[in-house]
Amino acid sequence: MSGNASSPARRLRFLAPILVLLAATAAATASAAVLRYAFERAETGFDPAQISDDYSRTIAANLFDAPLRYAYLGPPGTLEPNTTATLPVVSPDFRVFTLTLRPGIYFADDPAFGGRRRELVAADYVYTIKRFADPRWKSPVWSSIEEVAIVGL
């Protein structure tokens with residue numbers, strides 16, 4: 001029955017992006033909007049360098065901000081700035097991608113930052129990529145990143 005194209009799980013996967021868009025719209029117009037979404041299985045963790053299941057990835061994608069995001073209302077496959085000021089500047093040989101972060105993006109207050117606000121800097125993204133490469137974390141997606149052959153990594 002799980003292979004049936006009209007099964008509840010398949011319908012739910014199709015409706016999930018629509019529900020997220022509606023929730024985001026509701027959150028922008030209401031003071032306290034909550035989206036409740038039931039997963040078939042529990043998440044396994046929230047460390048992006050160590051997760052490999054779709055459920056944890058779905059949650060992590062909504063917890064952490066990437067430099068770019070898909071332009072959901074644009075043409076298919078179009079990216080737009082998220083934490084960057086503009087789209088990357090690409091060198092003529094396609095070996096260097098320069099991203100400029102948008103100022104004014106802060107981490108949530110946390111004791112890790114001495115209880116103060118801390119602004120996002122480029123080194124935060126560098127640190128994240130290095131965590132994927134660090135063998136002690138045994139990142140299940142490292143092979144995909146390694147194929148990109150980031151110089152200096």
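Would you work out the charge dipole size for the stretch 46-102 about its Cα centre, treating the Cβ of every Lys and Arg as +1 and the Cβ of every Asp and Glu as -1, and quote it to the nearest 20 debye? The partial results should precede the final answer.
Working: 4 positive and 6 negative charges, 39 e Å.
Its charge dipole is roughly 180 debye.
Loop-only check: which trypsin sites (Lys or Arg not before Pro) in the stretch 56-153 are DSSP coil with at most 13 other Cβ within 10 angstrom? Walk me through the intermediate numbers first.
Details: sites: Arg57, Arg69, Arg95, Arg116, Arg117, Arg118, Lys130, Arg131, Arg136, Lys138; in loops: Arg95, Arg116, Arg117, Arg118, Lys138.
Hits after loop and neighbour filter: Arg95, Arg116, Arg117, Lys138.
Values quoted throughout were computed directly from the atomic coordinates according to the rules given, and no laboratory measurement underlies them. Because the structure is a prediction, the values reported are computed rather than measured. Cβ: placed from backbone, ideal geometry, glycine included. Neighbour counts: every protein chain shown.
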